[in-house]
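The values are calculated or read from the model by the stated rules, or taken from the named source; none is laboratory data. Model, not experiment: these values are computed from the prediction. All Cβ positions, glycine included, derive from the backbone under ideal geometry; neighbour counts span all protein chains shown.
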Amino acid sequence: MRTQVAIIGGGPAGLILAQQLHVAGIDSVVLERRSRAYVEERIRAGVLEQGTVSLLQRIGAAERLNAEGLPHHGVSLACDGETFRIDLQAVAGKPLTVYGQTELTRDLNAILATRDQPVFEAEDVALHDIATDEPYVTYRKDGQEVRLDCDFIAGCDGAHGVSHKMIPQDLRKTFERIYPFGWLGLLADVPPCSHELIYSNHPRGFALASMRSTQRSRYYVQVSLDEKLEDWPDDRIWDELAIRLGPKAAAGMTRGPSLEKSIAPLRSYVAEPMRHGRLFLAGDAAHIVPPTGAKGLNLAASDAYYLCEAIVGFYRNGSQTGLDGYSAQALSRVWKAVRFSWWFTQLMHRFPGDDGFAHRVQVAELDYLSRSRAAQTAMAENYVGLPY
Ligand code: FAS
Ligand code: PHB
């Protein structure tokens with residue numbers, strides 16, 4: 001088999017890249033390790049930057065998003081019971097859109113399915129000759145060994161994929177921060193307690209009230225790393241949410257059985273560079289951010305945008321400029337999102353072992369943020385998404 005771009009991984013980075021390339025008249029093959037059902041059932045992100053929405057609209061993948069996505073013009077932050085709202089539209093000039101990653105994945109899979117893509121349950125994907133002009137990928141499908149020759153390989157296979165390991169160790173530099181807590185997430189088919197998101201810094205720990213629709217809620221509570229999911233029956237989570245989100249949110253809270261519950265650790269991670277020869281990394285394959293800033297999915301989209309522009313430049317003008325500049329361009333935006341996600345995580349969570357100094361700094365910063373349009377503008381510009 002031969003294609004122009006072999007894409008490893010059928011998550012947001014791979015799917016958005018594949019659809020962009022198709023619109024530009026460039027062929028690709030998406031190789032996804034898991035089944036379609038598995039990928040579409042994974043509960044992940046829920047908030048899209050305007051840049052991501054506009055990109056999906058441009059590539060014809062936003063019909064349901066336009067109909068069902070929920071524009072959010074503001075967000076509330078709470079600290080020790082005091083709550084204030086940041087008017088995102090007023091200070092940053094654009095909204096966020098609430099639309100689940102599972103819905104986005106379903107929409108893109110439905111479009112790619114018309115081209116018999118992705119190749120699901122592609123096993124033992126391996127990358128070859130990435131430092132030459134004739135790279136290729138091998139994999140096994142239904143017991144058959146397949147070789148896929150290509151011009152470029154896009155490593156969109158996430159944090160546990162094979163692509164990032166293909167960057168030679170002596171050329172790679174990695175950066176990591178591990179946070180001393182995780183997020184316990186709960187999904188339930190009940191109306192959200194608020195029409196906008198609420199992030200709360202409470203003495204018992206961080207909590208977040210989010211949603212997937214007006215009838216489906218998504219909540220998170222900060223938990224220590226040694227917590228076990230089996231120690232968190234639904235009632236305990238609902239009780240903790242009611243305490244941490246405060247009496248007003250609690251009064252609006254509808255409890256119900258969890259559809260999904262999981263504990264995710266939080267870390268910041270960046271691997272540089274995002275390119276080696278004809279291999280280009282995009283999304284979680286190159287970087288991980290704590291979900292506090294709702295950046296993970298949106299970085300996958302902006303990486304895919306930059307990579308597509310670079311590949312189109314090569315095929316249309318024979319130019320290497322975009323390809324040679326891809327890693328630096330993507331990392332410039334990645335590091336701004338890494339900084340924002342790190343800052344917001346530091347601001348909103350209770351850190352074990354704090355002697356009180358860190359929390360007083362948090363209270364001071366949140367009090368300043370509640371009063372200063374300049375501070376709110378700086379926060380909101382990053383939260384709604386910096387320009388591509
Ligand atoms: P993905 O991990 O989504 O996709 C990679 C794909 O590659 C997967 O489908 C995988 O099966 C496939 N793959 C892996 N190895 C392969 C191989 N060897 N061969 C073929 N395919 C292979 N972000 C937010 O913004 N907000 C959130 O609330 C949020 N919550 C999250 C909760 C959890 C539990 C996790 C793990 C992540 C969360 N994220 C969140 C981040 C998440 O949304 C990612 O940023 C986003 O999925 C990144 O997309 P991709 O880079 O496409 O990687
Ligand atoms: C979510 O709805 O899953 C969500 C929203 C905002 C975040 C993180 C997760 O910062």
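Return the residue satisfying two criteria in turn: it lies in region 35-55 and is in contact with an Asp or Glu (Cβ under 7 Å, 6 or more places away or on another chain) and assigned to a loop (DSSP other than H, G, I, E, B), and of such residues it is farthest from ligand 2 (Cβ to nearest atom).
Taking the candidates together, the pick is SER35.
Go through the residues of region 222-238 one by one and say whether even a single one is without any contact (Cβ under 8 Å) to a residue 40 or more places away in the chain, closer than 16 Å to ARG255 by Cα and within 16 Å of ligand 1 (Cβ to nearest atom). No, there is no match, as no residue in region 222-238 is without any contact (Cβ under 8 Å) to a residue 40 or more places away in the chain, closer than 16 Å to ARG255 by Cα and within 16 Å of ligand 1 (Cβ to nearest atom).
Starting from region 284-311, take each residue that is buried (at least 24 other Cβ atoms within 10 Å of the Cβ) and in a helix (DSSP H, G or I) and list its partners that are among the basic types (Lys, Arg) and modelled with pLDDT of 95 or more, counting only C-beta distances under 6 angstrom and pairs at least six apart or across chains. Within 6 Å, the pairs are SER302/ARG333.
Remark: pairs (first residue in region 340-362, closer than 25 Å to ALA380 by Cβ and more than 16 Å from ligand 2 (Cβ to nearest atom); second residue charged (D, E, K, R) and modelled with pLDDT of 95 or more; Cβ separation under 9 Å; 6+ apart in sequence or on different chains) = ARG350/ARG204; ALA358/ARG350; HIS359/ARG350; GLN362/ARG350. Look at THR105 and say whether it is in contact with a Pro (Cβ under 6 Å, 6 or more places away or on another chain), within 14 Å of ligand 1 (Cβ to nearest atom) and of a type outside the set (D, E, K, R). For THR105, the condition - in contact with a Pro (Cβ under 6 Å, 6 or more places away or on another chain), within 14 Å of ligand 1 (Cβ to nearest atom) and of a type outside the set (D, E, K, R) - is not met. Restricting attention to region 74-89 and to residues that are outside any strand (DSSP E or B) and either of a type in the set (D, E, K, R) or surrounded by 14 or more Cβ atoms within 10 Å (Cβ to Cβ) (or both), the residue that is nearest to the chain's Cα centre (by Cα) turns out to be LEU88.
Taken over region 175-201, the criterion of being of a type in the set (S, T, N, Q) and under 26 Å from ASP226 (Cα atoms) is satisfied by SER200, ASN201. A single member of GLU103, GLU134 is at pLDDT 95 or above, acidic (Asp, Glu) and within 16 Å of ligand 2 (Cβ to nearest atom), and it is GLU103.
Look at region 106-124: where a residue is within 15 Å of ILE8 (Cα to Cα) and a partner is assigned to a loop (DSSP other than H, G, I, E, B) and polar (S, T, N, Q), sitting 6+ places away or on another chain with Cβ atoms under 8 Å, you get PHE120/SER35; GLU121/SER35.
Of a type in the set (Gly, Ala, Ser) and assigned to a strand (DSSP E or B) - does that describe any residue in region 267-283? Looking through region 267-283, at least one residue is of a type in the set (Gly, Ala, Ser) and assigned to a strand (DSSP E or B).
Tell me the residue from LEU171, LEU184 that is among the aliphatic types (A, V, I, L, M) and either free of Cβ contacts under 8 Å to residues at least 12 places away in the same chain or within 30 Å of LEU77 (Cα to Cα) (or both), please.
LEU184
Screening SER327 on (1) of a type outside the set (Val, Ile, Thr); (2) out of contact with any Leu (no Cβ under 6 Å at 6 or more places or on another chain); (3) under 21 Å from CYS79 (Cα atoms) shows it passes everything except condition (3). Scanning region 96-119 for residues that are surrounded by fewer than 19 Cβ atoms within 10 Å (Cβ to Cβ) and assigned to a loop (DSSP other than H, G, I, E, B) returns THR114, ARG115, ASP116. Here LEU241 meets each of (1) within 16 Å of ligand 2 (Cβ to nearest atom); (2) under 23 Å from THR345 (Cα atoms); (3) in a loop (DSSP other than H, G, I, E, B) with one exception, condition (3). For region 317-361, residues that are out of contact with any Phe, Trp or Tyr (no Cβ under 9 Å at 6 or more places or on another chain), over 24 Å from HIS202 (Cα atoms) and of a type in the set (Lys, Arg) total 1. Note on region 1-44: among residues that are of a type in the set (Val, Ile, Thr) and under 21 Å from ALA264 (Cα atoms), the one that is farthest from ligand 1 (Cβ to nearest atom) is ILE43. The conditions of being surrounded by 18 or more Cβ atoms within 10 Å (Cβ to Cβ) and out of contact with any Cys (no Cβ under 9 Å at 6 or more places or on another chain) are met by GLN50. Answer yes if at least one residue in region 307-329 is over 23 Å from ILE130 (Cα atoms), of a type in the set (Gly, Ala, Ser) and at pLDDT 95 or above, and no otherwise. There is no residue in region 307-329 that is over 23 Å from ILE130 (Cα atoms), of a type in the set (Gly, Ala, Ser) and at pLDDT 95 or above.
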